[in-house]
Amino acid sequence: MGREKIVVEGRPMIMISMRIFFMLFAVSMSLFTVQKCDATQRFSGSIFLQDNLEPNFVVINPNRVTDEVKIDLSQAIPRGYRIGSSVLTESGIYFLVKLDYNCCLAESKAELKKVRPHLFHLTEEGIAEIPIDWPDQELELYPWDLYEFDDKFYITFAGNEIPLVPKDRWPSDRIYIIPKTGGKARELYTKCRLKNFGEPSQRDSQPIEYGDGVICVRSEDLAVVFVHDEEEKKLFSLPVGTTYLLKGWYEEGKSLLLWSESPNVSLVVDLRGNVLQEWYHGYGSTCCWNIYGTTEGGILFRRSSTSTLKENDRWPKFGNHDFFCTESVKQDEFGIYDTRTGDVIPLVHHKGDEHYSGCWPKISYKKVQFERLAVAARESGELSLPLTECAISATGSAVSFDDAS
């Protein structure tokens, strides 16, 4: 009788102990699951590459770089035209279409400076043009890049060199602003610098999207400025120390990357030009990085060099890690640099793809949605674009694109 009483009285303690055990087990498993998810989902957004030779896009999962969707617009772009710049958004892809310089005869190439680009929007329903009313005057300008905001677009134009005209009278690079639904293009800013300070292999001085405007280099005094709508705000002046090449964001919205070739110095500065981090790699090193986009904890880069040689023994340093000192990423290849660990993740399906440009938009990687965009692009007919001398020289006839299709 006494033994049964002990057993009965002990049951509640056993039940409580079991409950505590299972609760602790559940908590530990949930923590393990969270850590595992964090490990496999290190980066947000999607990597967006544009083929500059063919009218194609590639959207890549930054957490599994072999997972990608190709969007082919080759049958939609008429011969004599090419895609100039593009932006991936929640609703689809905005892209500029401009005349193809490589398809033009020598006597037709002057036309490139007169014809303004066309802006299109690819969605799951197809392709629609955003109408733009360009100024009537003919400017010696060449379309450069597209920036998309909630209520507007910015399109940058590079001023062309004019033979037999003094350099100080060449047209300046400039930014045009266009309403989001289309309408009149208005000249916004005429002092930005779009051309590289460094060698052709370097990507520097490109306007960087920030808030409701862009950060760019002012051509007249090399000041880094923030331009938005009707305002201009000076942030700091170049060079900072010996560094004079503005490469892009290090931590988006907080710090920028600067670089100088000789000596090879890398700087991270805040938006007032104050130095936060500095890495030095001596004289004679010509290898550098081009920055194409950032997200929290990650930088999309491509290895470049100011040398014609494929140098493998001279690398810029990033903190305690060799930013490019890895056999995984070679000349002209894309990679993801994990700023938290120093690891480099090569984009293995795009080795040596020098003809690609890229960015890292905040659009979550939704494969099914991107595949629907790919279907819409594949099923789209040829875009209706004006017949021009450049296009005629490309097709070899004076047949309009509408008739040809």
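The values are calculated or read from the model by the stated rules, or taken from the named source; none is laboratory data. Because the structure is predicted, anything quoted here is derived from the model rather than measured. Positions of Cβ are generated from backbone atoms using ideal geometry, with glycine treated the same way; all protein chains shown enter the neighbour counts. For the accessible areas, the whole protein counts, side chains as well, though only heavy atoms, and no ligand, DNA or RNA atoms are used. Shrake-Rupley method; radii C 1.70, N 1.55, O 1.52, S 1.80 Å.
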- request: Can you send over the solvent-accessible area of H118, 1.4 Å probe, protein chains only, in Å² to the nearest 10?
  value: 40
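List the pairs from K98/K152; K180/K233; K191/K234; K195/K362; K152/K191; K70/K247 whose alpha-carbon separation is above 18 Å, in the order I gave them. Present the calculation step by step, with values, prior to reporting the outcome.
Values: K98/K152 20 Å; K180/K233 24 Å; K191/K234 12 Å; K195/K362 27 Å; K152/K191 20 Å; K70/K247 28 Å.
Correct reply: K98/K152; K180/K233; K195/K362; K152/K191; K70/K247.
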query: Quick one: if the Förster radius is 41 Å, what FRET efficiency do D133 and K362 give, using the C-beta to C-beta distance and rounding to 0.05?
result: 0.85
- line: Contour minus Cα-Cα span, N160 to T123, at 0.36 nm per residue, comes to 10.0 nm
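Let me know the shape class of segment 142-256, please: from the alpha-carbon gyration tensor, a ≥ b ≥ c as square roots of the eigenvalues, rounded when a/c is under 1.5, otherwise prolate if a/b is greater than b/c, or oblate. If you can, show how the numbers build up before the last one.
On the way: a/c = 1.79, a/b = 1.07, b/c = 1.68.
Oblate, since a/c reaches 1.5 and b/c is not below a/b.
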- prompt: What distance in nm separates the simple spin-label points at S380 and K184, each placed 7 Å from Cα in the Cβ direction?
  reply: 2.9
query: If the chain between N196 and Q75 were fully stretched, how many nm would it gain, using 0.36 nm times the residue separation less the Cα-Cα distance?
result: 40.2 nm
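Please state the relative contact order of segment 200-282 as a whole percent: Cα pairs under 8 Å, 6+ residues apart?
19 percent.
Fully extended, how many nm does the chain gain between Q277 and Y101 (0.36 nm per residue separation, minus their Cα-Cα distance)? If you can, show how the numbers build up before the last one.
On the way: separation 176, 0.36 × 176 = 63.36 nm, distance 4.17 nm.
Taking 0.36 nm per residue and subtracting the Cα distance, the gain is 59.2 nm.
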